[in-house]
1. Picking from GLY44, GLY86, which residue would you name as being out of contact with any helix residue (DSSP H, G or I) (no Cβ under 6 Å at 6 or more places or on another chain) and surrounded by 14 or more Cβ atoms within 10 Å (Cβ to Cβ)?
2. Kindly check whether there is at least one residue in the range 54-64 that is farther than 20 Å from PRO154 by Cβ and small (Gly, Ala, Ser).
3. Of the residues that make up the range 112-134, is at least one surrounded by fewer than 21 Cβ atoms within 10 Å (Cβ to Cβ) and under 13 Å from the mean Cα position of the chain (by Cα)?
4. For the range 31-57, give me each residue that is in a helix (DSSP H, G or I) and either β-branched (Val, Ile, Thr) or out of contact with any Asp or Glu (no Cβ under 8 Å at 6 or more places or on another chain) (or both).
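No lab work stands behind these numbers, since they all come straight from the coordinates. Here the structure is a predicted model, which is why all the values come from computation and not from measurement. Every residue, glycine as well, gets a Cβ built from its backbone with ideal geometry; the counts of neighbours run over all protein chains shown.
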Amino acid sequence: MTRPGGLLLAHGAGSDRDHRLSVAMEEALPLPVRRMDFPYRKIGRKGPPDRAPKLIAEVVMEAEAFANDLGVGPGELVLGGRSMGGRMCSMAVADGLPALGLVLLSYPLHPPKKPENLRVDHFPDLELPCIFVNGDRDPFGTPEEMNREIGAIPGAVTMHWLEGQRHDPKPTFDDEIIEVVGQFLDSL
């Protein structure tokens, strides 16, 4: 069992590295946490986000720089984030970026009201432990849809539902999210 060397967190499409949950996780978790911005946010653009290849390349670059700064291999990092950020981390891992685990908060399984546009083609390539933390009323994926699709992931999957929450859980759920993510990190 390898202890995680650090946690890299990427933001959702409409946010940035200073999202309150990312900051709270950095303050509360007992390991180094780096909050990253995607290129469009670094230049001050609020959106739309860059295309996936550019976002994935940024995840790879940030993970390699973070691992280097910590003096660990990229495979000792846990990657993840909120919504689009977590999805880009999972796609980077599916493309070959080594990681110890994935933390996927409010994973956007599909666009709201478009359940036919699933974002799961890379799930069979996720051969590492993953935790999903989603609101049970999230329009980006119902519990039934999520439970059906995560079965394609060969790595161990933990699914945690936030009762009555949508895509951006209320701040009162931050402690619960941090607790379950901390337990996941301890299990690696």
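1. Among GLY44, GLY86, only GLY86 is out of contact with any helix residue (DSSP H, G or I) (no Cβ under 6 Å at 6 or more places or on another chain) and surrounded by 14 or more Cβ atoms within 10 Å (Cβ to Cβ).
2. yes
3. Looking through the range 112-134, at least one residue is surrounded by fewer than 21 Cβ atoms within 10 Å (Cβ to Cβ) and under 13 Å from the mean Cα position of the chain (by Cα).
4. LYS42, ALA52, PRO53, LYS54, LEU55, ILE56, ALA57 - these are the residues of the range 31-57 that are in a helix (DSSP H, G or I) and either β-branched (Val, Ile, Thr) or out of contact with any Asp or Glu (no Cβ under 8 Å at 6 or more places or on another chain) (or both).
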